[in-house]
C-alpha cells in the first residue's frame with residue numbers, strides 16, 4: 001500500500017474533504033464471497049458534519065476503514081482533498097503519511113495510550129508528524145483548552161471520565177489539522193447526555209476547524225446535530241436526508 | 001517524546017519486579033563467572049605467589065599440586081649448587097581437617113622454607129610474617145583465626161601471628177603458612193604409642209644387623225624423631241622451588257637438574273598448566289558449561305518477557321501505526337524498553353552480587369573484563385530478545401485498533 005512515493009500535497013480548501021466513487025469491498029471469494037460495500041459513492045465537504053447510519057453488519061465500519069485508508073477497497077476510487085489516494089486496492093500516495101497529515105480518527109473506545117497523560121496523548125500525534133518542543137505543547141494545550149479539559153492535561157486516561165477521554169481523543173485527532181475526521185461510534189460507551197455533548201462537539205470542531213466529519217453512529221437521538229445523514233443497508237449507501245437542526 | 005520511558009514509568013512496579021527477577025538471574029550468571037575465575041585463581045594462586053622459576057618434584061609425577069610428590073629434603077642442597085641457581089626452597093603442602101568450636105575446620109597447610117622464606121610476600125591484612133622457626137603460623141582470614149589465637153595441631157600449639165586475604169588452596173580451603181619443619185611435624189604427627197613402636201622397630205632392625213651391634217651410636221639415633229633420621233626415615237618434602245640468577249638460562253639449569261634420576265623439573269608456567277589441566281579442569285569445565293546454559297536460559301527468558309511486554313502494547317502500537325507513526329518509533333519503543341530492562345537488571349545484578357558474593361563459601365572473583373563481557377552479553381540478549389517483539393510489532397496492522 002505504501003509502495004508509491006508520497007504525494008501528500010497541500011490540501012485544496014475548495015475540494016471536498018472526502019469523495020468516494022463506486023467503492024466496493026468484497027471479502028473472500030467463490031462460495032465464501034461477501035460483498036460488504038456496493039458501489040458506495042459519496043462526498044463530504046470541509047466543515048460538513050455527516051452521520052453514517054445503518055444496522056449492524058451493514059458495512060459502516062468497512063466504509064469508514066476504507067476512507068480512513070486502513071482497509072483498502074476492492075474496487076472504486078477514494079479522493080481526499082481532491083487528490084485520488086486509492087484506486088481499487090492500490091494506494092496512489094504514501095498512505096502512512098497521508099493518514100498522519102490529513103486524517104483524524106476517533107473510536108468507540110477513546111483508544112488513548114494508557115501510559116501517556118492527556119497532554120502527551122495529543123503530543124504524540126504531533127510528534128509523529130515531526131512537531132515537538134514548545135510550539136507543539138502550546139498547540140496541544142490550546143486544543144485541550146478549547147475542548148474544556150486543559151485542567152486534566154496531566155492526568156492519565158485512567159483518571160479521566162469517559163467523556164473526558166473522548167475529548168482528549170478528539171483533541172488528538174485534531175492535532176495535525178486534518179481535512180477529515182472519522183469517528184466510529186464515538187458515543188457508544190457514553191450515557192445519553194455525554195453522548196449528545198460529544199456529538200455537539202463534533203459539529204463545533206467540524207465547523208471551527210473546517211474539517212469534514214464522518215461519524216458512524218447508532219444513536220438516533222442526536223441526529224439533529226449533523227448537517228446530513230447517510231444510510232447504509234446491506235452495503236448499499238444512500239442519502240439519508242439533512243439533519244433536523246443544522247447550525 | 002520517549003515512549004519507552006513513559007511506559008516504564010506507568011508500569012513501574014511490574015517493570016521493577018521483572019528487572020529484579022532478571023537481575024537475580026544475571027547475578028547468577030555473573031556469580032558463575034566469578035566462581036569460575038575463583039577456582040582458576042585459587043588453583044594457580046600458590047604457583048603464582050611463590051614466583052618460582054623451576055619446580056623440582058618427584059620423578060615422573062605431576063606434583064606437588066596435581067598429584068602427590070615426595071622428595072628428599074636434601075634436593076634443596078643439590079639444587080643450590082647448580083650453576084645459575086640463586087635460591088632454592090623446600091615446599092610442603094597438605095590439607096588437614098580439625099574440629100573447632102564444634103565445626104569442621106579444613107586447613108591447607110603450606111610449609112615455608114625458614115629462615116629463607118618467612119612469608120614476607122604474603123598479603124597480610126593484620127599481624128606480621130613468621131618470626132621464629134617453630135610454633136607460629138600465618139592464616140588466611142577465611143579460616144576464621146585472629147592474630148594471637150592459638151590452635152593445637154598435632155602435639156604442638158601454634159599461634160597465629162598474621163592474617164592474610166585471598167590465600168585459598170585449589171580445593172577452596174584457606175591456607176595456613178608454617179615453617180617446613182612444623183608443616184612436616186603436623187603432616188607426620190602420630191600418637192606416642194606409634195612413635196614408641198616405630199623406635200622399637202628401628203632398634204630391632206639395627207640390633208639384627210652387624211652394624212647395629214658394632215656402632216652403638218646408631219642404636220641411640222634410633223631413639224630420635226623420624227624427621228631427624230634421614231638414613232632410616234628421611235623427612236620428605238613435596239617439592240623444591242628454585243629461583244634463578246638474573247641472566248641465567250632456564251633451559252640450561254633445567255637440563256642440569258633433569259640428569260638427576262629421582263626428580264622431574266617443571267617451569268612455573270608448566271606447573272600452572274598442570275594445575276589448570278589437572279585437579280580443577282573438570283570443575284572449571286562444568287561451571288563454564290553451566291554458565292553458558294545460564295546465559296542461554298537468560299536470553300530465552302528475557303526474550304519471552306520482552307515479547308510479552310510488546311504484546312501488552314500491541315493495541316497501542318497499532319494505534320500509533322494508524323496515526324502514521326514511522327517504523328523507527330515503534331522499533332525504538334520496543335528496543336529502548338529492552339535496553340532499559342537489561343540495563344536495570346544488569347545494575348541490580350552487580351549490586352546484589354556485591355552484597356551476596358562475599359558470603360559464598362568459595363571465592364567469587366568479578367573482574368572488569370567479565371563485567372564488560374556480561375554487559376555485551378546483556379546488550380546482545382536485549383537486541384536478540386527484542387527482535388521477536390519487534391517482529392510482532394512490525395507485523396501488526398493499524399486496523400487492529402478497530403477490533
Inset, instruction - Only bridges with both residues in the range A:97-247 count here: give the DSSP antiparallel percent, nearest 5. - result: 40 percent
Inset, instruction - Order these peptides, B:39-52, B:67-80, by their mean beta-carbon neighbour count within 10 angstrom, highest first. - result: B:39-52, B:67-80
Inset, instruction - Express the C-alpha Rg of the range B:258-403 as a ratio against the empirical globular expectation 2.2 N^0.38 Å, rounded to two decimals. - result: 1.64
Inset, instruction - For residue A:74 paired with residue B:292, estimate the spin-label separation in nm (one decimal), with each label point 7 Å from Cα along the Cα-to-Cβ line. - result: 5.7 nm
Legend entry - Within 10 Å of each Cβ in A:112-118, the average number of Cβ atoms from other chains: 6
Legend entry - Centre separation in Å (Cα based) which lies between the range A:29-50 and the range B:98-177: 92 Å
Legend entry - Bins of 5 Å, starting at 0 and running to the largest distance - Cα pair percent for the range B:44-108: 3, 13, 20, 21, 17, 10, 7, 5, 2, 1, 0
Inset, instruction - Starting from the eigenvalues of the Cα gyration tensor, five times each then square-rooted, give me the equivalent ellipsoid semi-axes of chain B, largest first, whole Å. - result: 63, 22, 17
Inset, instruction - Would you tell me the mean number of C-beta atoms belonging to other protein chains that fall within 10 Å of each C-beta in A:172-179, as a whole number? - result: 1
Inset, instruction - Calculate how many DSSP beta bridges within the protein assembly as shown are antiparallel, expressed in % of all such bridges and rounded to the nearest 5. - result: 65 percent
Legend entry - Geometric extent, Cα atoms of the range B:155-209 - Rg, Dmax (angstrom): 17.3, 53
Inset, instruction - Please work out the C-alpha center-to-center distance from the range B:257-301 to the range A:144-162 and express it in whole Å. - result: 66 Å
Inset, instruction - Mind telling me which of A:159, A:15, A:51 comes out most flexible in a GNM of chain A, alpha-carbon contacts under 10 Å? - result: A:159
Inset, instruction - Would you mind checking the range B:257-283 for residues with the amide N under 12 Å from a putative spin-label position 7 Å along Cα→C-beta of residue B:248? - result: B:257
Legend entry - Share, in percent, of DSSP beta bridges within chain B that are antiparallel, nearest 5: 75 percent
Inset, instruction - Quick one: compute the contact order of chain A, relative version, from alpha carbon pairs under 8 angstrom and 6+ residues apart, as a percent. - result: 27 percent
Legend entry - Distance between the range A:197-234 and the range B:38-81 - C-alpha centres, whole angstrom: 94 Å
Inset, instruction - Have a look at the range A:159-237 and give its Rg and Dmax from the Cα atoms, expressed in angstrom. - result: 12.6, 41
Inset, instruction - Determine the calculated [θ] at 222 nm for chain A from helices alone, applying -39500 (n - 2.57) to every DSSP H run no shorter than 4 residues and normalising by the residue count; nearest 500 deg cm²/dmol. - result: -9000 deg cm²/dmol
Inset, instruction - Provide the packing ranking of B:129-142, A:26-39, i.e. peptides ordered by the mean count of other C-beta atoms within 10 Å per residue, highest first. - result: B:129-142, A:26-39
Legend entry - Kirkwood Rh in Å, taken over the protein assembly as shown so that all alpha-carbon pairs contribute: 32.1 Å
Inset, instruction - Output the relative contact order of the range B:106-173, whole-number percent, from Cα pairs under 8 angstrom with separation of 6+ residues. - result: 35 percent
Inset, instruction - Please quote Rg/Rh for the range B:72-196 to two decimal places, taking the Kirkwood radius as Rh and restricting both calculations to Cα atoms. - result: 0.99
Inset, instruction - Enter the mean number of other protein chain beta carbons within 10 Å of the beta carbon of each residue in B:313-320, as an integer. - result: 4
Legend entry - Solvent-free Debye scattering, log10 I(q)/I(0), computed from the Cα coordinates of the range B:327-367 at q = 0.26 Å⁻¹: -0.84
Inset, instruction - Tell me the label-point distance for the pair residue B:220, residue B:81, using the 7 Å Cα-to-Cβ offset, in nm and rounded to one decimal. - result: 2.8 nm
Legend entry - Between 0 and 90°, nearest 10: helix A:118-128 axis offset from chain A longest Cα axis: 50 degrees
Legend entry - Folded to 0 to 90 degrees: helix B:368-395 orientation relative to chain B principal axis, Cα: 30 degrees
Legend entry - Sequence-separation-based contact order of chain B, relative, with Cα cut under 8 Å and 6+ spacing, percent: 29 percent
Inset, instruction - Would you mind putting B:159-167, B:289-297, A:111-119 in packing order, based on average other-beta-carbon counts within 10 Å, highest first? - result: A:111-119, B:159-167, B:289-297
Inset, instruction - At 0.36 nm per residue, minus the direct Cα-Cα distance, what do residue B:100 and residue B:156 gain on full extension? Give it in nm, one decimal, please. - result: 18.6 nm
Inset, instruction - Over all directions, average the projected area of the Cα convex hull of the range A:25-134 and note it in nm². - result: 9.3 nm²
Legend entry - Hydrodynamic radius of the range A:89-247 per Kirkwood, over alpha carbon pairs, in Å: 16.2 Å
Inset, instruction - Using only the Cα atoms of the range B:37-146, each taken as one equal point scatterer with no solvent, compute I(q) by the Debye sum, divide by I(0), and report log10 of the ratio at q = 0.21 Å⁻¹. - result: -1.45
Inset, instruction - Counting helices only, and only those DSSP H runs with n ≥ 4, report the 222 nm mean residue ellipticity of chain B as the sum of -39,500 (n - 2.57) divided by its residues, in deg cm²/dmol to the nearest 500. - result: -17000 deg cm²/dmol
Legend entry - Theoretical FRET efficiency, 1/(1+(r/R0)^6), r = Cβ-Cβ of residue B:60 and residue B:273, R0 25 Å, to 0.05: 0.90
Legend entry - residue B:260-residue B:373 FRET efficiency (beta carbon distance; Förster radius 45 Å; 0.05 resolution): 0.50
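Every read-out reported here was derived from the displayed coordinates using simple, explicitly stated rules and does not represent laboratory data. The structure displayed is predicted, hence computed values, not measured ones. For neighbour counting, all protein chains shown are included, and Cβ atoms are generated from backbone atoms with ideal geometry for every residue, glycine included.
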